[in-house]
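Remarks on the structure that follows.
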Amino acid sequence: MAIRDIITAPDPRLKEVSKPVDKVDDALRRLMDDMLETMYAAPGIGLAAIQIGVPKQVIVMDLAGEDEKPAPRYFVNPELLWVSDELATYEEGCLSVPEFYEDVARPARCRVRYLDYQGEIREQDCEGLLATCIQHEMDHLKGVLFIDHLSKLKRSIMLKKLVKAKKSQEKEPA
Ligand code: NI
């Protein structure tokens, strides 16, 4: 396993639409292993492949609490089968939008179909944090970030700060 670099906004790669995976094979499982390790190291609770520059429909997630044992989840080619009309608001963050957190309203519940780590078809009813997280990660597969759900003004302020933060990082000696 290896820790990969996480791409941060603004970066055109984060706007790419990810392609479905043909087959869940050992190479794909290696990618998922790397993604999980990268996510744990960050640390974060969810990661889409495009966030490490791979435009494939692959998501890893772990919503276990700090005192719980790890509970990795893998979603390949996820599709939303249903979303509730009822919305829920969570303060969201993203490893590709470091240090910004904002409330985002999304369907409170959803049903998702996907392939798991072994390539088996699964369906899962999601609510609470899982519903929010899977929808946030599936947005990444469409090239959408959580800041795209905010007002244009808020988004442009955030993007300016992100550009500034990137510039000051570049100036720091390696
Ligand atoms: Ni994200």
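Here, each number is a calculation from the coordinates, and none is a lab measurement. Note that this is a predicted model, so its numbers are computed, not measured. Here Cβ is always computed from backbone atoms with ideal geometry, including for glycine, and neighbour counts include all displayed protein chains.
Could you compute the net charge surrounding S96? Neighbours are other residues with a C-beta less than 15 Å from the C-beta of S96; K and R count +1, D and E count -1. Intermediate results must be reported in sequence, preceding the final value.
Details: positive: R4, R13, K15, K142, R155, K161, K166; negative: D5, D11, E16, E92, E99, E102, E137, D139, D148.
Taking every other residue near S96 into account, the sum is -2.
Could you state the number of Å between the C-alpha centres of segment 102-160 and segment 35-89?
Cα centres, segment 35-89 to segment 102-160: 9 Å.
Which value does Rg/Rh take for segment 1-89 over its C-alpha atoms, Rh per Kirkwood?
Rg/Rh: 0.99.
Enter the mean projected area of the convex hull around the alpha-carbon atoms of segment 113-174, in nm², rounded to one decimal.
Numbers: hull surface 28.6 nm².
It is 7.2 nm².
Ranked by Cβ crowding within 10 angstrom, fewest neighbours first, how are T132, T89 ordered? Don't skip to the answer; put the middle values down first.
Details: T132 24, T89 11.
Neighbour counts put them in this order, fewest first: T89, T132.
Restricting things to Cα coordinates, could you compute the convex hull volume per residue of the chain in Å³?
On the way: hull volume 21.7 nm³, N = 174.
Here the figure is 125 Å³ per residue.
For the chain, what does the relative contact order come out to in percent, with C-alpha contacts under 8 Å and a separation of six or more?
On the way: 308 pairs, mean separation 39.9, N = 174.
Over the chain, the number comes to 23 percent.
Starting from 0 in steps of 5 Å, tell me what percent of the Cα-Cα pairs of segment 41-129 lands in each bin.
Once binned at 5 Å, the Cα pair distances of segment 41-129 give 3, 12, 18, 24, 25, 16, 3, 0.
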